[in-house]
1. Within region 35-55, is there a residue that is surrounded by 10 or more Cβ atoms within 10 Å (Cβ to Cβ) and either at pLDDT 95 or above or touching a strand residue (DSSP E or B) at 6+ places or on another chain (Cβ under 8 Å) (or both)?
2. I'd like to know if region 90-98 contains one or more residues that are free of Cβ contacts under 8 Å to residues at least 60 places away in the same chain, farther than 30 Å from Gly136 by Cα and surrounded by fewer than 13 Cβ atoms within 10 Å (Cβ to Cβ).
3. Scan region 118-138 residue by residue and report those that are acidic (Asp, Glu) and touching a Ser or Thr at 6+ places or on another chain (Cβ under 6 Å).
4. So is Lys113 without any contact (Cβ under 8 Å) to a residue 12 or more places away in the chain, out of contact with any His (no Cβ under 7 Å at 6 or more places or on another chain), more than 16 Å from Asp58 (Cβ to Cβ) and charged (D, E, K, R) or not?
5. Out of the residues in region 132-149 meeting the condition of being in contact with a helix residue (DSSP H, G or I) (Cβ under 7 Å, 6 or more places away or on another chain) and buried (at least 17 other Cβ atoms within 10 Å of the Cβ), tell me which one is nearest to Ile74 (Cα to Cα).
6. Of all residues in region 52-102 being more than 25 Å from the chain's Cα centre (by Cα) and aliphatic (A, V, I, L, M), which is nearest to Gln149 (Cα to Cα)?
7. Ala67 versus (1) touching a Phe, Trp or Tyr at 6+ places or on another chain (Cβ under 8 Å); (2) not in a strand (DSSP E or B): which is the lone unmet condition?
Amino acid sequence: METEQKATKNKLLTIMIVLMAVILLAGTITVVILLRTSASSAAEEGPNIDEVLEASVDIPEMTTNLASDDFIRISFKIQTDSPEAMEELTKRDFQAKDTVIQNLSEMTADDLKGEAGKQKLTELLKADLNSIMQNGKVQKVYITSYIIQ
């Protein structure tokens with residue numbers, strides 16, 4: 001009877017060891033999958049704020065007339081795709097300001113009202129600025145201050 005009990009204990013011990021190994025293996029696989037998934041999603045998120053700032057140009061506040069005889073005081077931050085593109089846009093700041101003034105002089109105060117108006121302006125500026133860029137692209141144009149009078 002003692003040998004039967006020892007055999008049963010040995011079988012239970014073997015089963016427990018196998019189960020522990022399976023649980024450990026499953027846990028290891030889960031951790032590896034989670035780490036790979038989080039690393040790939042972090043890569044897809046895009047640049048962090050420091051990288052955005054390193055590749056951005058400020059267009060200081062400027063005042064110009066609109067087509068509707070109103071005037072606007074506005075400033076921008078322009079995000080480029082690389083520090084090299086930021087350097088080029090910095091050198092082309094006079095062209096960027098000219099582009100802003102040209103576009104605004106064709107718009108009325110009503111054209112710029114609401115989110116849709118501001119979105120239209122930023123998309124138009126992005127397209128026009130990209131047409132003058134040679135080394136890189138403008139990714140986004142942000143309006144940082146805005147007053148119409």
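1. Yes: region 35-55 contains one or more residues that are surrounded by 10 or more Cβ atoms within 10 Å (Cβ to Cβ) and either at pLDDT 95 or above or touching a strand residue (DSSP E or B) at 6+ places or on another chain (Cβ under 8 Å) (or both).
2. So far as region 90-98 goes, no, none of its residues is free of Cβ contacts under 8 Å to residues at least 60 places away in the same chain, farther than 30 Å from Gly136 by Cα and surrounded by fewer than 13 Cβ atoms within 10 Å (Cβ to Cβ).
3. First, pick out the residues of region 118-138 that are acidic (Asp, Glu): 123, 128.
Residue satisfying the conditions is Asp128 alone.
4. Working: without any contact (Cβ under 8 Å) to a residue 12 or more places away in the chain: yes; out of contact with any His (no Cβ under 7 Å at 6 or more places or on another chain): yes; more than 16 Å from Asp58 (Cβ to Cβ): yes; charged (D, E, K, R): yes.
When the stated conditions are applied, Lys113 passes them.
5. The residue in question is Val141.
6. Step one: filter region 52-102 for residues more than 25 Å from the chain's Cα centre (by Cα), giving 62-73, 94-95, 98, 101-102.
Those left that are additionally aliphatic (A, V, I, L, M): 62, 66-67, 72, 101.
On the way: Met62: 13, Leu66: 10, Ala67: 13, Ile72: 6, Ile101: 16 Å.
Filtering first and then ranking leaves Ile72.
7. Only one criterion is unmet by Ala67, namely (1).
The values are calculated or read from the model by the stated rules, or taken from the named source; none is laboratory data. The shown structure was predicted, so the numbers you read here are calculated from the model rather than taken from an experiment. Positions of Cβ are backbone-derived with ideal geometry, glycine not excepted, and every protein chain shown enters the neighbour counts.
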